[in-house]
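One structure below.
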Amino acid sequence: MNPDAQAFLSQTLVPSLGLPLRVAVYSRLRDGIRSNVFPLGSMLPRETELCAAIGLSRTVVREALMLLEEDGMIVTRRGVGRFVAEAVPSVGLEEFRPFEYALSDGEHPLKVVPGKTELQPALDYVINLLSLEAEAKIWFLESTLYRDGDPLAIVQEGIPSGKDLKAISPALAENLEKAVASEETLLAAFIRLCGPVFTAEDCSISAGVAGAPRARQLQLRAQDPVLILTQMAHFNGTPVYVAKCIVSPHIGQLNINQTNPTN
């Protein structure tokens, strides 16, 4: 096994609460494939090597490999070994990522154009989602996502302010000013500045109509349909981030991988 793969696999594996070990291993190997630690078409290390590097039993590793094969990430050549597929499925909404990445088709990246940024009283639905006090204030950020000059989505993000955020994560509080000032979504900025610190993420999808203000931003008619994606994340079990993404019907195909590796 090459040193880069060894170092990648040997990183401490900390599964989220209630997440089976096989899913944590699946995620580690999947991330290795997508980040080119294991290049497309290359042979994976043997099961025994993977077990030794990750520090888990052969049963857990084998189950993770089966999930990868079900998802089209790897292929087995009988009598030879397991290989990374020549092309892997695109990542969709099933993986918690900034919306500018989740909605991209891979060939045409979405450009983030920051809009309104302000400290404001939290709306009732944000208070409920983030378990805040009734008088709490949040940082509210709105951005528009463009592809080839066309507006395709509006992203509205909220995160606790001041002592509320510092009590949850001093690191997030310390980097808040930089994150707010960056030309990317708040989530993308926090991941860049603090690493993958969020856990227990969730994304719900509903249908709606654009309405006059959103229609102007997205160059739609007020009665045109839109998808509304609501995303939230926790830090160490505490809800800390919520975002609403209003998606134009002009976005095209949205990928949602329906494999359920927790069963």
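The values are calculated or read from the model by the stated rules, or taken from the named source; none is laboratory data. Source: prediction; values computed, not measured. Here the Cβ positions follow ideal geometry from the backbone for every residue, glycine too, while neighbour counts run over all protein chains shown. We work out accessible area using only protein heavy atoms, side chains counted, and drop any ligands, DNA or RNA first. Shrake-Rupley method; radii C 1.70, N 1.55, O 1.52, S 1.80 Å.
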Rounded, prolate or oblate, given the Cα gyration tensor of the range 151-263, with a/c below 1.5 counting as rounded? oblate
Quick one: with all protein chains in place, what share of the accessible area of the range 195-251 is carbon or sulfur, to the nearest percent (1.4 Å probe)? 56 percent
Subtract the Cα-Cα distance of E86 and Q156 from 0.36 nm times their separation in residues, and report this length gain in nm to one decimal. 21.5 nm
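Can you list the GluC sites (Glu not before Pro) in the range 38-117 that are in a DSSP coil and have 15 or fewer other beta carbons within 10 angstrom?
Numbers: sites: E47, E49, E63, E69, E70, E86, E94, E95, E100, E107; in loops: E86, E94, E95, E107.
Those satisfying the criteria are E86, E94, E107.
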Label the chain by shape, choosing from rounded, prolate and oblate, from the square roots a ≥ b ≥ c of the eigenvalues of the Cα gyration tensor; if a/c is under 1.5 it is rounded, and otherwise prolate applies when a/b is larger than b/c, oblate when it is not. prolate
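Just in the range 1-68: which trypsin sites (Lys or Arg not before Pro) are loop by DSSP and have at most 12 other Cβ atoms within 10 Å?
R46
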Potential extension, H250-E183 segment - 0.36 nm per residue separation minus Cα distance: 21.8 nm
Distance in nm between label sites at S131 and A207, each 7 Å beyond Cα in the beta-carbon direction? 3.5 nm
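Take every Cα pair under 8 Å in the chain that's 6+ residues apart, average their separations, divide by the length, and report that relative contact order as a whole percent.
16 percent
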Taking a probe of 1.4 Å, how large is the accessible area per residue of the range 156-263, in Å²? 51 Å²
Per DSSP H run of n ≥ 4, the term is -39500 (n - 2.57); total these for the chain, divide by its residue number, and report the mean residue ellipticity at 222 nm rounded to 500 deg cm²/dmol. -9500 deg cm²/dmol
If the elastic network links every pair of Cα atoms under 10 Å, which of A52, A85, A24 fluctuates the most in the Gaussian network model of the chain? A52
If the chain between D31 and Q120 were fully stretched, how many nm would it gain, using 0.36 nm times the residue separation less the Cα-Cα distance? 28.4 nm
